[in-house]
Structure formats: structure tokens, C-alpha cells
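One structure coming up, written as C-alpha cells, with questions to follow.
Taken together, the values in this text are just the output of simple stated rules run on the coordinates, not laboratory data. These numbers were taken from a predicted model, which means no experiment stands behind them. Every residue, glycine among them, receives a Cβ derived from its backbone with ideal geometry; neighbour counts consider all protein chains shown.
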Amino acid sequence: MSYLVYIALFGTAAVIFLWLRDARIFYRTGFRGYRKAAYWGVLYTALALLGLEIARYVTDFEILGLGLILAGIYLQTSRKKENVWKNEDTLARFLGSVPINRTNKK
């Protein structure tokens, strides 16, 4: 197994993390931009998982797998979303912990 597979694993984990963070922010705020980002995150995660499988099992196409993972990371971070950050510290932004302010809350 090449060292590129470990890079592919890390990149796939990053895409999954970004998807789950967007889903958490949507759950806590109810903003439409994060809802769309969470929905599209499923597709981008599938793209990254496909890239991981190509990098792991098709030894001659590791670079193609890494390219698919990088595309998933780029597409996941390029979506326009509402600004939910005011004065939060870095760890709060990293974890996606925003104040609960759901628009559909009773």
C-alpha cells in the first residue's frame, strides 16, 4: 500500500467531516444554505469514497482517486452559505457549534 492511500484516507475524512459540520449547523440554525450544503455533501462524500476506493484497490490510478477526493473537498467548500459566525473562537467554528436558533422552532 502506497503512502498516497493514507493521504486519500485523510482527504475522505475531511470531506465527511465538512458534510457533518454543515448538517449540524443546519440542524441548529435552520438556514437554507446549510441545508443545501448538507444535501450536496452526501454527493461529495460519495465522490470522495469513490476516489478512496480507486486509490486503495486500483494501484495504477492512485492519482485519479486523489483527484476525485480533491474535487469533493473543493466542491464541499465552494458552496455559498449564510454567515453564522460572530465572535466565536476557532474551536467553535471548527466544530460547527453555533447558538440554536431554528427558524422552524415552536
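Please arrange ASP22, ASP89 by counting, for each residue, the other beta carbons lying within 10 Å of its beta carbon, fewest first.
Numbers: ASP22 23, ASP89 7.
The most exposed by this proxy come first: ASP89, ASP22.
Show me, for region 34-43, the HN-Hα J-couplings you get by feeding each phi into the Karplus relation (A = 6.51, B = -1.76, C = 1.60, θ = phi - 60°), rounded to Hz, glycine and proline as x.
With the stated coefficients, region 34-43 comes to 6, 5, 4, 5, 5, 5, 5, x, 4, 5 Hz.
Turning to a different aspect of this structure: What's the exposure ranking of VAL58, VAL15, VAL84, going from fewest to most Cβ atoms within 10 Å? Numbers along the way, then the final one.
Working: VAL58 11, VAL15 27, VAL84 17.
By the 10 Å Cβ count, ascending, the order reads VAL58, VAL84, VAL15.
Give me log10 I(q)/I(0) at q = 0.12, 0.16 Å⁻¹ for region 3-95, Debye formula, one equal scatterer per alpha-carbon, no solvent.
After summing over all Cα pairs, the log10 values are -0.40, -0.64.
Calculated FRET efficiency, ARG79 and VAL58, Cβ-Cβ r, R0 30 Å, to nearest 0.05?
Numbers: r = 29 Å, r/R0 = 0.98.
Given R0 = 30 Å and the Cβ-Cβ separation, E is 0.55.
Using the Cα centre as the reference, give the magnitude of the dipole from point charges on the C-beta atoms of the chain (Lys, Arg: +1; Asp, Glu: -1; all else neutral), rounded to the nearest 20 debye.
Working: 15 positive and 7 negative charges, 193 e Å.
I would put it at about 920 debye.
Quick check on the exposure proxy: order TRP85, TRP19, TRP40 from fewest to most C-beta atoms within 10 angstrom.
Working: TRP85 10, TRP19 22, TRP40 15.
Lowest to highest Cβ neighbour count: TRP85, TRP40, TRP19.
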